[in-house]
Amino acid sequence: MISSKITGTGTFIPSLRKENKDFLAVDFLNNDGAEFEDPNAIIIEKFKAITGIEERRYAKKTYNTSDLAFFAAEKAISDAAINPEELDYIIFAHNFGDVKDGAIQGDMLPSLATRVKAKLGIENPNCVAYDLLFGCPGWVEGVIQAQAFIKAGIAKKCLVIGAETLSRVVDKHDRDSMIYSDGAGACIVEHTEEQDAGILSHASQTFAKEEAHYLFFGRSYDQHANKDIRYIKMFGRKIYEFAITHVPKAMKTALDKSGLDIDAVQKIFIHQANEKMDEAIIKRFYRLFKKSVPEGIMPMSIHKLGNSSVATVPTLLDLVLKGEIADQEVQKGDVVILASVGAGMNINAVVYKF
């Protein structure tokens, strides 16, 4: 049976640290432009208690999203020990394109996947490069698409990237701006005839009624700012309630498709959006099986890296595989779940066996 497996991973974590204390002097405003009653110290303290974020990473001014992606892609290719000319597809998940420092619009012409292919020096015209816009679950969806190409017999090696520079699309007057960060993660997905290994099953969903606009582009909370410049905005409470209701069900659907028991799952790599939300998702997932959450089942990177959208899951996976997160590891034969939720509203999950 034709299947697919991840043979190499790589990340690029920007070097610029932005700690919570660096927001103490920011002029945070409510969505109507009014000032908050609480001082920033209290706002930041509450923010950390909910999200778990202590610091985040920002890209240097000279780097764009496609640059971060290229650095991660190089590492994944090296890790997989393949010739990049053998790649059949480059699937690049992002949401805003290359947003140059200080710019007010994203640049997606040519596609970011094409830019990465050019940076990698790939001459093979049969290596097809395209961008994937799927919100934060974009990289996981890219892995699902790579598997589809491989199972269809039209590809044997695919490069899947998730990268973003969210620091350049946030409203500095919006306290939610503290959530977002920059980063890139990548992997190589290859054809395999190895039995009972690799991608075992998946589930994907799009909820597009009122949920479609839970994440959107809106004007700054500063009523004197240019009203034509837009920033990433969200209805945080609605997203929280949506995620804890629907993500556990999608994860269960994927696991049921695999035919495996819940006790077979060793790790869950979930989108690093909000620590409390992720904990609630995992708790509800195990509750569907009338089980308690096993200790150490959910590695976390959000505390130091923040929410880098499509980059969080591949970055987290690579860090664990490379032994860079304390007390977390994956062994041969382990079953893991990759899961994400984000703008769309989109949800997906993959059951994978190493």
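Every number in this text was worked out from the coordinates using simple rules, so none of it is lab data. Source: prediction; values computed, not measured. Positions of Cβ are backbone-derived with ideal geometry, glycine not excepted, and every protein chain shown enters the neighbour counts.
Counted residue by residue at 0.36 nm each, then reduced by the alpha carbon distance between them, the extension gain from residue 61 to residue 292 reaches 78.7 nm.
Packing, as the average of other Cβ atoms within 10 Å across residues, places the peptides 180-187, 319-326 in the order 180-187, 319-326, highest first. Per residue, the convex hull spanned by the Cα atoms of the stretch 199-353 measures out at 123 cubic angstrom.
What separates the Cα centres of the stretch 268-282 and the stretch 311-329 is a distance of 15 Å. Over what distance in Å are the Cα centres of the stretch 31-56 and the stretch 214-253 separated? One Cα centre to the other: 17 Å. By the helix-only formula, in which each DSSP H run with n ≥ 4 contributes -39500 (n - 2.57) and the sum is divided by residues, the chain has a 222 nm mean residue ellipticity of -9000 deg cm²/dmol. Partners of residue 48 within straight-line reach, counting aspartates and glutamates whose Cα lies under 16 Å from its Cα and excluding those fewer than 8 residues away in the same chain: 19, 22, 38, 174, 176, 275, 278, 279.
Percent of Cα pairs in the chain per distance bin of 20 Å, from zero to the largest separation: 32, 59, 10, 0. Placing one equal scatterer on every Cα of the stretch 5-46 and applying the Debye formula, the log10 ratio I(q)/I(0) at q = 0.14, 0.16, 0.19, 0.23 Å⁻¹ is -0.52, -0.59, -0.68, -0.84. Multiplying the residue separation of residue 260 and residue 41 by 0.36 nm and removing their Cα-Cα distance gives an extension gain of 74.2 nm. For the stretch 43-82, the ratio of Cα radius of gyration to the globular rule of thumb 2.2 N^0.38 Å stands at 1.80.
Computed with the Debye formula from one identical point scatterer per Cα of the stretch 65-158, without solvent, the log10 of I(q)/I(0) at q = 0.20 Å⁻¹ comes to -1.01. With the biggest extent put first, the Cα atoms of the stretch 106-201 measure 52, 33, 17 Å across the principal axes. One Cα centroid belongs to the stretch 180-212, the other to the stretch 95-145; the line between them spans 16 Å. Projecting the Cα atoms of 224, 214, 242 onto the dipole axis of the stretch 165-255, where Lys and Arg carry +1 and Asp and Glu carry -1 at the beta carbon, places 224 farthest toward the positive end. The value for the stretch 1-113 of Rg(Cα) / (2.2 N^0.38 Å) is 1.47. For the chain, the longest principal axis of the Cα atoms and the long axis of helix 236-258 meet at an angle of about 10 degrees. Ranking 286, 266, 24 by how far each Cα lies toward the positive end of the dipole of the chain (charges on Cβ) leaves 286 at the top. Compactness check for the stretch 187-271: Cα Rg over 2.2 N^0.38 Å is 1.61. When 141, 194 are sorted by how many other C-beta atoms sit within 10 angstrom of their C-beta, beginning with the fewest, the order is 194, 141. Peptides 3-16, 338-351, 252-265 ranked from most to least packed, by the mean per-residue count of other Cβ atoms within 10 Å: 338-351, 3-16, 252-265. Quick one, what does Rg over Rh come out to for the stretch 3-196 if you take C-alpha atoms and the Kirkwood Rh? Result for the stretch 3-196 is an Rg/Rh of 1.06.
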